[in-house]
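Trainee: One structure coming up, written as structure tokens, with questions to follow.
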Ligand code: CA
């Protein structure tokens, strides 16, 4: 899943980027308010981690204007501000959760999982579509008695397709979902991932729509 990290502190930003990448997430890290404002309008993120004290901007203002524009991405505020007023203001302005620095990585990951689950509209950590079931915590894909943990990119691809079964994603949309900005993407990268998933789970796990893209079967 793609995560937008808005954090100006280089140590925290670098540390979080590494932790999240290690969990198989594709992280775009922006440091300044102006970049954050643009990135926040990108609807392709599963979650936004938002620091409030940014050079040239206040995270709460960014959040407010993004929500006013209709951006509905779950936002988890991460900040050193622990005044009750700030927390209340953050939640009022459209944050989905709030974590005060310093925090344990485990708690951050658990809250991110909870937000991602809520976005999918259920308390279950499993996404089911078209005879496949994907566990968003263990990254295990189950289909026709085959159960395997997917490597990070394959997981991100399956998740993108299974969140909206029956909807076609183009190559560009898939690349956007599973690779970060500025990452070199081989022209056949998506084909290689799809080939590998089909080899393990059978051809029907992902449907090819000629000239348009791919989809997870609806039923
Ligand atoms: Ca800061």
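Read-outs throughout are calculated quantities, based only on the coordinates presented, and are distinct from any laboratory measurement. Quick caveat, the model's predicted, so the values are computed rather than measured.
Trainee: If you fit an axis through the alpha-carbon atoms of helix 105-119 and take the longest principal axis of the Cα set of the chain, what angle between them do you get, 0 to 90°, nearest 10?
Mentor: Tilt of helix 105-119: around 70 degrees.
Trainee: Given that compact globular proteins tend to follow 2.2 N^0.38 Å, what is the ratio of the alpha-carbon Rg of the stretch 1-43 to that value? Walk me through the numbers on the way to the answer.
Mentor: On the way: Rg = 10.2 Å, N = 43, 2.2 N^0.38 = 9.2 Å.
So the Cα radius of gyration is 1.11 times the expected 2.2 N^0.38 Å.
Trainee: Relative contact order of the chain: what whole-number percent is it, with Cα pairs under 8 angstrom and at least 6 residues apart? If you can, show how the numbers build up before the last one.
Mentor: Details: 356 pairs, mean separation 36.8, N = 219.
That works out to 17 percent.
Trainee: Further question on the same structure: On a 0 to 90 degree scale, rounded to 10, what angle separates helix 152-163 from the longest Cα axis of the chain?
Mentor: Helix 152-163 and the main axis of the chain meet at about 90 degrees.
Trainee: Let me ask something else. Report, to the nearest 10°, how far helix 59-68 tilts away from the longest principal axis of the Cα atoms in the chain, using its own Cα long axis and a range of 0 to 90°.
Mentor: Approximately 50 degrees, to the nearest ten.
Trainee: Still on this model: Rg and Dmax of the stretch 84-209, Cα atoms, in Å?
Mentor: 17.1, 54
Trainee: I would also like to ask the following. With the cut-off at 1.5 for a/c, could you classify the stretch 62-147 from its C-alpha gyration tensor as rounded, prolate or oblate?
Mentor: In terms of gyration-tensor shape, oblate.
Trainee: Let me ask something else. Pull out a ≥ b ≥ c, the square roots of the eigenvalues of the alpha-carbon gyration tensor of the stretch 165-207, then state rounded if a/c is under 1.5, prolate if not and a/b is larger than b/c, and oblate in the remaining case. Kindly include the intermediate steps, with their values, before the conclusion.
Mentor: On the way: a/c = 2.79, a/b = 1.52, b/c = 1.83.
It comes out oblate by the Cα gyration axes.
Trainee: Could you pull the Rg and Dmax for the chain, using just the Cα atoms, both in Å?
Mentor: Computed over the Cα atoms of the chain, radius of gyration and Dmax are 17.9, 55 Å.
Trainee: Give me the percent relative contact order of the stretch 126-215, please, defined on Cα pairs under 8 angstrom at least 6 residues apart. Intermediate results must be reported in sequence, preceding the final value.
Mentor: Values: 104 pairs, mean separation 23.8, N = 90.
Relative contact order of the stretch 126-215: 26 percent.
Trainee: For the stretch 138-188, report the convex hull volume of the alpha-carbon atoms normalised per residue, in Å³, without decimals.
Mentor: Per-residue hull volume (Cα only) is 103 Å³.
Trainee: Quick one: compute the contact order of the stretch 149-195, relative version, from alpha carbon pairs under 8 angstrom and 6+ residues apart, as a percent.
Mentor: In percent, rounded to a whole number, it is 42.
Trainee: Please compute the Cα-Cα pair-distance distribution of the stretch 2-119 with 5 Å bins starting at 0, giving whole percents from short to long.
Mentor: P(r) over the stretch 2-119, rounded to whole percents: 2, 12, 25, 28, 22, 9, 1.
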